[in-house]
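S.K.: Structure provided below as structure tokens; questions to follow.
Read-outs throughout are calculated quantities, based only on the coordinates presented, and are distinct from any laboratory measurement. Keep in mind that what you see is a predicted model, and the values were worked out from it rather than measured. Here the Cβ is made from the backbone with ideal geometry for all residues, glycine too, and neighbour counts use every protein chain on show.
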Amino acid sequence: MTSRITGICVVAFAVMAMGPAQAQTTAAPDAAPVIEPEALAAMDRMSAALLALPGFVLTSDVTTEKVLETGQKLQFGGTVDMAMHRPDSFRIVANSDIQQREYYFASGKFTVLSPRLKYYATADAPETIGLALDRLKTKYGIELPLVDLFTWGTDQTIRSRVVSGYMVGPEKIGGRTCDHIAFRQKLVDWQIWIDKGAKPLPCKIVITNTDDPSMPQYSAVLNWDVRTVPNAADLAFVAPAGAHQITLVDQIAKAAQGDKQ
């Protein structure tokens, strides 16, 4: 999951608030890790619904936890807004009080912009979104927020990393009735809420970094506009006045150079 910041406390609170019969149906499995077919089927329905969209506009309210050296956790709010035109362009704007980043992909070019610092970097990328995301991760070490949601049905490595998954139960998210599903994989726990309506799109996601003893979390509540399909040309990057271009570091070339030294 993106940023490795995708809640056991949430599940525990929900179970405690229910009656005994309800708690038994939503508690996590006590035995060895199990992947319930219903959990994967719900993810597959979500993936099919996402892949069927020619484009969309997505706004999300996000919360990120940072862990201090003292072990104290701090929470920071923000937003991630996304516009996508399949199969070849997107724009992601991530804003918070601690960081601002804008990401653009169109016409085989990827650009990342820091609006506050007025620096941007551009690199060539494959022509389709999925291949471009893979190139950004492997070559430049860039993982974009929330994008794993959109590659579930096309990237089998994501599915293969899941070691357990189960249905928690239906819950309300912003007026929407959603299936709450919990997954575990190495170093990461993640929960997802999927709309039970006609369009089974994700309503909320929570990612817990289990590699850190403090288990910081990243959460996002997602709001969809599937009636708006952006034009690819409107998602292309245009350098703002006064911005300076820099170079993205090629992580593969850097590692190879380090091996030679």
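S.K.: At 7 Å along the Cα-to-beta-carbon direction for both residue 137 and residue 159, put a label point, then send me their distance in nm to one decimal.
M.R.: According to this spin-label approximation, the distance is 1.5 nm.
S.K.: Do you know the relative contact order of segment 78-219, to the nearest whole percent, from alpha carbon pairs under 8 angstrom that are 6+ apart?
M.R.: Across segment 78-219, relative contact order equals 10 percent.
S.K.: Can you put 234, 195, 155 in order, fewest other beta carbons within 10 Å first?
M.R.: If I rank by nearby Cβ atoms, fewest first, I get 234, 155, 195.
S.K.: Quick check: from the Cα gyration tensor, does segment 33-137 come out rounded (a/c under 1.5), prolate or oblate?
M.R.: Oblate, since a/c reaches 1.5 and b/c is not below a/b.
S.K.: Using mean Cβ contacts within 10 Å as the protection proxy, how do 165-173, 103-111 order, highest first?
M.R.: Going by the mean number of other Cβ atoms within 10 Å, highest first, we get 103-111, 165-173.
S.K.: Still on this structure: In whole Hz, with x marking every Gly and Pro, tabulate ³J(HN,Hα) for segment 225-241 from phi via Karplus 6.51 cos²θ - 1.76 cosθ + 1.60, θ = phi - 60°.
M.R.: For segment 225-241, the Karplus curve yields 10, 8, 7, 8, 10, x, 6, 4, 5, 6, 9, 5, 6, 10, 4, x, 4 Hz.
S.K.: How many angstrom separate the Cα center of segment 200-235 from the Cα center of segment 131-171?
M.R.: One Cα centre to the other: 11 Å.
S.K.: Quick one: net charge around residue 114, please, counting Lys, Arg +1 and Asp, Glu -1 for every other residue with C-beta under 10 Å from its C-beta.
M.R.: Surrounding charge for residue 114 is +2.
S.K.: Hey, what do the phi angles of segment 34-49 turn into as Karplus ³J(HN,Hα) couplings, whole Hz, using 6.51/-1.76/1.60 and θ = phi - 60°, x for Gly and Pro?
M.R.: Ordered by residue, 3J(HN,Hα) equals 10, 9, 6, x, 4, 5, 5, 5, 5, 5, 5, 5, 4, 4, 5, 5 Hz.
S.K.: For a 29 Å ceiling on Cα separation, which of these pairs sit above it: 118/139; 139/172; 118/172; 118/204; 137/204; 66/186?
M.R.: Violating the 29 Å Cα-Cα cut-off are 139/172; 118/172; 118/204.
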